[in-house]
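Structure, as C-alpha cells:
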Amino acid sequence: MKKLLERPLAAAALAILAIMVVLSLSAPLIEAALGLDSNEADLLQRHQPPSAEHILGTDEIGRDVFLRLLYGGRVSLLVGFVAAVMAAAIGTAIGIVAGYFGGRFDAALMRLTDGVIALPLLPLLIVLAAIDLSKLGLTGLAQSESASLYRIIAITALVGWTTVARLVRGTTLSLKSRDFVRAAIAMGARPLRVMAVHILPNAISPVIVATTLAVGQIILFESALSFLGLGIQPPLPSWGNMLTNAQEVIWTAPFLAVYPGVLILLTVASCNLLGDTLQEILDPRARKPKR
Amino acid sequence: MIRYIADRVLQGIVVVAVMSLVIYSLIGLMPGDPVELMIAANPRIDAEDAARLRRVYGLDRPLLERYAAWASAAIQGDFGYSRGFSRPVLDVIGPRLANTAALMSGAFVLALAIGLPAGIFAAARPGSVPDTLINLASFLTISMPTFWLALMMIIVFAVLLGWLPASGLPTGPAGFWEHVRHLILPVVTLAIVEAGAYARYMRAAMIEALRNDFVRTARAKGASWTRTLLGHALRNAMIPVVTIMALSFGGLFSGALITETMFAYPGMGKLIFDAVMGNDFNLALVTLLFATALTLLGNLLADLAYVALDPRISLGAGAERGPAR
C-alpha cells in the first residue's frame, strides 16, 4: 500500500476511484442537498445548459444529468466490483482444486477453462443476456425490478473466471511440492485445510492483480451490453444505458454522450493502472503487460 | 507436425460440437418460440393451428431430440433457413463475411502501421517523454469503451464537422470512392482500439528483447543503435507480437460487433447481434458457431506461428501454452 502511494500515477488512480465511489455512494445525500429528484422528468426543462440548479444541465426529458451520472456510477461500479470478486472466487476455487488434486481431474478442469477462453466473449454475453429467465423457472426473479442488475453480475462473473483459474492453478502446482505444504500434509491436515490455510494465502497476490484488472474489463462489458439495451434496464441508470439515450439525441445534444463515456474511461483506466502497478510491486520479475 | 495439427483440429471440432449443443439450449431459453412469432404476425392463427404448427415443426418434442435433428441436417450441409431474411442461412452469411473482411483488413493494416512503430519507438528510449506519451495514449485507448469512441467519432466528424458520413455503407448505388469514404470512420475507430493494444505488446516485447546478450554483442561490434533495434532485437520481439496478432484473428470477425452496430455496417458482427435480437434462431446459432470456429482457428494459428518463429520451442510446449488473455 505504501509503495503504491509512492507512485504518483497509481496514487492518482486510487484517488480517482475513491472519489467515484464516495460520490456515487452519497448520491441520495447530494440529491437531497440539491433539492432535486433524479427520476423526475420535466418536459419544460429539456436540454438545459449547465446552471446553478443543474450543474451539468438536463437530459432529453429534463432530468438532472449530474445526479443521473452519480446513480449510474453506483450501478456500474457495483457491477464491476461484485462481478470481479465473484469471478475471482470461482476462478480461485477451480484453480486451487485442479492444481491440488491434479491428474485427470485437473486435465478436465483445464480443458473446460481452455474451452471457455476460446469462446467469442461478446456474442456469448449477448446470448446470455437475452435469455428469458422465466423459462428457467425463475419467474419471481425475472419480474423483479433489479433483475437486469443481478443478471449482468452473474453472466460477467460466469465468463470472467478463467484468468484467475489459470494463475491459481499454476501457483498451487508449485506450492504443492514446497516443504511447508508437504509438512502440513504429513501431519495429517485434510485437503480442504491445506488448500485454505497453506496454499490460498500464498497464491492470493496474483489474484488481487487479476481482479483489479477485471473490474475495469467488466465495467467495459457492462457498459457495452447496457448500451446495446441488453444490460441494465432503464429507469435504473447505468453509464452504458445513459449513452443509449444520448445516441438518440446525438444531433441535438451531442454533449450528453460525452460525460458518461469520460467517467467510464477514467474508472477503467484507473483500474488498469492500479492493476499494472500492483503487478510490478508484487512481482518485480513480471514485465508482461496485461490487457 | 501434421499429427499435431490433426490433433488440434479434432479437438476444435469437439469444442464446436459441444458449443453447438450449449448454444442450441441457450437459444431455446430465449424469449418466444417460432410459432409464437407466427401468431404475433398473423392473428388468425388460433390455438388449434398453433398446436398443429408446433407438431409440424417438431417444437413439441424434447430439446435433445430437436437438437439431434438439427445436428444431423447440419452435418449433411443443411443449416436451415433464416427467418428474418427468408433465405438459406449460408446465403445470408456469405456477403456479410466479405463486408467484415473489408472492414477488418483495413483496420488491421492501419492498427499495425500505427501500433508497431509506436511500440518500437517507445521501447528504444524507455522513460523518455515520447515513451511516456505513447504509453499514456495506448493506455487510454485500451480503457475506452469501443462504442463510446465510435460515438465520439460520429459526433466530431459527422455531426460537428460534417466531413464524413455516420454510416458504414452508402445507401443506394455508389462508386468505389464513396464506399471508401463511408468506411473511414469505422476503420479508424477499430484501428485506434487495436493499435493501443499492439503498441503495448510491441513495447513490452522490445524491452524484453533488448535485455538479451546478443544486443550487447551487436553494440560492441559497432552496430548502430537503429541497426541493433531493427536488425537484432526486433526479430526476437516479433515472436510474441505475431502470436498476439494470430490470437486476435478469430476475434476479428465477431469483435467488430459493436463497431459494425454503431455504424450500421452490414457485417458478421451486426448479423450476429441482429439475429439474436430478432429471434432469428437458425441464423443466430450458425453465426455464433462460425465465430467460435474462427476463434479456435485463430488460437491454433497462434500456436503454430509461435513454433514456426521460435526454433527453441517444440510443439509439445506449444500445446501447453494457452492464450494469455
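Where a number appears in this text, it was derived from the coordinates with a stated rule and is not lab data. For clarity, every value in this text was computed on a predicted model and none was experimentally measured. Positions of Cβ are generated from backbone atoms using ideal geometry, with glycine treated the same way; all protein chains shown enter the neighbour counts.
Helix-derived [θ] at 222 nm for the protein assembly as shown: sum -39500 (n - 2.57) over DSSP H runs of at least 4, divide by residue count, nearest 500? Write down the numbers at each step before the final one.
On the way: 27 runs with 429 residues, N = 616.
Counting only the DSSP helices, I get -23000 deg cm²/dmol.
Hey, what did region A:233-278 get for relative contact order, percent, Cα under 8 Å, at least 6 apart?
31 percent
Work out, in µm²/s and without decimals, the Stokes-Einstein translational diffusion coefficient of the protein assembly as shown at 4 °C, 1.567 mPa s, Rh from Kirkwood over C-alpha pairs.
Once the numbers are plugged in, D ends up at 49 µm²/s.
Tabulate in residue order the Karplus-calculated ³J(HN,Hα) for region A:28-34, using 6.51 cos²θ - 1.76 cosθ + 1.60 with θ = phi - 60°, rounded to whole Hz; enter x for Gly and Pro.
x, 5, 4, 4, 5, 5, 7
Helix B:176-210 versus the longest principal axis of chain B: what angle, 0 to 90°, nearest 10, using Cα atoms?
50 degrees
Thinking of region B:181-275 as a set of Cα atoms, what percent of all their pairs are more than 15 Å apart?
Cα-Cα pairs of region B:181-275 separated by over 15 Å account for 68 percent.
Given H placed 1.01 Å from N in the peptide plane, which residues other than close sequence neighbours of B:Ser82 have an amide H under 5 Å from its amide H?
Those lying under 5 Å, H to H, from B:Ser82 are B:Arg87, B:Val89.
Can you give me the C-alpha center-to-center distance between region B:137-166 and region A:98-122, rounded to a whole angstrom?
When both Cα centres are located, 38 Å separates them.
Angle between the Cα long axis of helix B:129-142 and the longest principal axis of chain B, 0 to 90 degrees, nearest 10?
10 degrees
Mark the label point 7 Å from the Cα of A:Leu23 along Cα→Cβ and return the residues of region A:233-247 whose backbone N is within less than 12 Å of it.
Under 12 Å, as judged by backbone N against the label point of A:Leu23, lies no residue of region A:233-247.
Apply the Kirkwood formula to chain B: the hydrodynamic radius equals the inverse of the mean of 1/r over all pairs of different alpha-carbon atoms; give it in Å with one decimal.
22.8 Å
Jot down the per residue volume, in cubic angstrom and as a whole number, of the convex hull over the alpha-carbon atoms of region B:57-207. Could the numbers behind the result be given before it?
Values: hull volume 30.0 nm³, N = 151.
Hull volume over Cα atoms, normalised by residue count, gives 199 Å³.
With θ set to phi - 60° and the Karplus curve 6.51 cos²θ - 1.76 cosθ + 1.60, what are the ³J(HN,Hα) couplings of region A:153-158 in order, to the nearest whole Hz, using x for Gly and Pro?
Residue by residue, region A:153-158 yields 5, 5, 6, 5, 5, 5 Hz.
Using Stokes-Einstein with the Kirkwood hydrodynamic radius over Cα pairs, what translational diffusion coefficient do you get for region A:120-265 at 25 °C and a viscosity of 0.890 mPa s, in µm²/s rounded to a whole number?
Taking Rh from Cα pairs, D becomes 134 µm²/s.
Could you tell me how many degrees, from 0 to 90 and to the nearest 10, lie between the Cα long axis of helix B:281-309 and the main elongation axis, the longest principal axis, of the Cα atoms of chain B?
That works out to roughly 20 degrees.
Can you give the three extents of the C-alpha atoms in region B:1-95 along their principal axes, from longest to shortest, in whole Å?
Result for region B:1-95: principal-axis Cα extents of 62, 33, 23 Å.
Hey, can you rank B:280-289, A:100-109 by average C-beta count inside 10 Å, highest first?
Ranking, from highest mean packing down: B:280-289, A:100-109.
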